[in-house]
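A.B. asks: Here it is, the structure in full.
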Amino acid sequence: MINPDHTTTNHLVDDSSRGLKFALGITAVIMAAEITGGIFSNSLSLISDAGHMLVDVLSLALSLIALNLAKRPATVTRTFGLHRAEILAALANGVTLVLISAYIFYESIHRFSKPPAVHTPLMIIVAAVGLAGNLLTIQLLRRTRRNNLNIRAAFFHVFGDTISSVGVIAAGIVIAVTGWELADPIIAIVIGCIILWGAVSLVRESVDILLETVPKNIPLEQVTETVMGVKGVVELHDLHVWTITSGIYALSTHVLIEDQMLSRTREITDEINHLLAQKFNIMHTTFQLENEKSADCAEGLVCHMQRTQEPEHH
């Protein structure tokens, strides 16, 4: 087994933590401004954006806690450490985004029947301040979001806020120019749809990791070809590839090799590990070497578990 490069992983975590801390502070200030502005301007779209940012503050704080937990070393009871805390935080963030979009839809429907008067100048000014803060936060999170699902969750939150701020400004301008106050709940619904789209994607990806599905960027066919290309390997079966946390992948398999001296098996596993790390960034590997075909997995790469049927009682 090869352990992941903890130095590189911790460096990415530190960068992500710094970005999250700045993002948390900026988001909290903007949230307070939008709540106040939304109440005084009577704008649902601005209050919706503020409500979204309230959850963003909680989500960013949760993401920050999860990153710090992930830095803790493995123990005898948690042999992979607390890396999965990041995925749980991402899943929680996705679920809260779904709930936020549902609330926005609910409030918007009520406002269609009786749209209240909206104070547009204050609405536009506060939304513009929020937009500037969101753009700054996006820059803080953009560099590390590709390496971490948890940071990507926070990025989705802030990106949704940015779109919301643009929508609120647009609604304010439409109301100020035309007096058409239905623009406010319509923009709120558009914001809700954007939030829901990102939330569903985030929840699906988090659930896939928790269910230990094969990562989308690691095709099993290519993994098989790579291992089979190593001299001395005859066949492999019972292949499993999964994600421990963002950027850390694991693999286990049974490898059928030619009958040879034990010293040669170390060369085979070293070469397989090198190729898997180089081509697929798989750093956690476990191999069971065999020189005879396993009866438990006679065909294919994936073994089908057969359940023992209980005897019927008459």
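A.B. asks: Can you pull the one-decimal nm distance between simple spin-label points at C193 and Y106, each 7 Å off the Cα toward Cβ?
C.D. replies: Label-label distance for C193 and Y106, simple model: 2.2 nm.
A.B. asks: Still on this structure: Compute the signed sum of charges (Lys and Arg +1, Asp and Glu -1) over the other residues within less than 14 Å, Cβ to Cβ, of N134. Write out the running numbers ahead of the final one.
C.D. replies: Working: positive: R142; negative: E34, D49, D56, D161.
That works out to -3.
A.B. asks: Among D208, D270, D161, D259, which comes first, then next, by fewest other beta-carbon atoms within 10 Å?
C.D. replies: D259, D270, D208, D161
A.B. asks: At 4 °C and 1.567 mPa s, grab the translational diffusion coefficient of region 6-210 from Stokes-Einstein with a Kirkwood Rh over Cα pairs, rounded to a whole number in µm² per second.
C.D. replies: D, rounded to a whole number, is 75 µm²/s.
A.B. asks: Restricting the count to DSSP beta bridges whose residues both fall in region 220-290, what percent are antiparallel, rounded to a multiple of 5?
C.D. replies: Once the DSSP bridges in region 220-290 are tallied, antiparallel ones form about 55 percent.
A.B. asks: How are the C-alpha pair distances of region 220-290 spread across 5 Å bins, as whole percents from the shortest bin up?
C.D. replies: Whole-percent P(r) values from 0 Å outward: 3, 16, 32, 26, 13, 6, 2, 0.
A.B. asks: FRET efficiency for T286 and R72, Cβ-Cβ distance as r, R0 = 25 Å, nearest 0.05?
C.D. replies: According to the calculation, E is roughly 0.65.
A.B. asks: Compute the FRET efficiency between H240 and I138 as 1/(1 + (r/R0)^6), taking r as their Cβ-Cβ distance and R0 = 30 Å, and round to the nearest 0.05. It would help to have the intermediate numbers written out before the result.
C.D. replies: Values: r = 37 Å, r/R0 = 1.23.
Once rounded, the FRET efficiency stands at 0.25.
A.B. asks: Out of all Cα-Cα pairs in region 92-235, roughly what percent, to the nearest whole number, are more than 21 Å apart?
C.D. replies: That fraction is 57 percent.
Bear in mind these aren't lab numbers, they're just calculated from the coordinates by the rules spelled out. All of these numbers come straight from a predicted model, not from anything done at the bench. Positions of Cβ are generated from backbone atoms using ideal geometry, with glycine treated the same way; all protein chains shown enter the neighbour counts.
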